[in-house]
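To keep things clear, I will list the structure first and then write my remarks on it.
The values are calculated or read from the model by the stated rules, or taken from the named source; none is laboratory data. If you're wondering where the values come from, they're calculated on a predicted model, not measured in any experiment. Every residue, glycine as well, gets a Cβ built from its backbone with ideal geometry; the counts of neighbours run over all protein chains shown.
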Amino acid sequence: MFGDIMGMMGKLKETQEKVKQTKERLNSVLIDEQSSDGKLKITITANREIKSIEMDETLLQDKEQLEDYLVLTLNKAIEKATNVNETELAAVAKDGMPNIPGMDSFFK
């Protein structure tokens, strides 16, 4: 039994390291999003860090319109980044979990 606990502790440490490496890798996974008319383009990492914002000059003429574009487009980009992030981290966590009956349902 003590060996099983030590093995699980080793597996946990290995999984923690894999999660750390995955988080670092997700800094280089870029997600591009743009408004429906292409006037605003945003690039964000899978860790939800904004890398760039490009906008058509016409958006600078209407503050309210620009704010609306930013909110809508940033929210879409963040949603996509969150999905990628959660999927990648869940895969690493699932791979590192000991085989406990019924646990698969938590990772679907």
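For segment 1-33, the candidate set comprises residues that are over 23 Å from N75 (Cα atoms) and basic (K, R); within that set, the residue that is modelled with the lowest pLDDT is K11.
So in segment 47-97, with the set limited to residues that are of a type in the set (S, T, N, Q) and in contact (Cβ under 8 Å) with a residue 24 or more places away in the chain, which one is surrounded by the fewest Cβ atoms within 10 Å (Cβ to Cβ)? Within segment 47-97, the match that is surrounded by the fewest Cβ atoms within 10 Å (Cβ to Cβ) is T82. Where strands (runs of 3 or more DSSP E) fall entirely within segment 3-55, those with at least 2 residues that are closer than 30 Å to D95 by Cα are at 30-34, 40-45.
Of everything in segment 60-108 that is of a type in the set (V, I, T) and modelled with pLDDT of 75 or more, the residue that is nearest to V29 (Cα to Cα) is V84. Using the structure shown, decide if E33 is acidic (D, E) and either in contact with a Ser or Thr (Cβ under 9 Å, 6 or more places away or on another chain) or surrounded by 12 or more Cβ atoms within 10 Å (Cβ to Cβ) (or both). So E33 passes the test.
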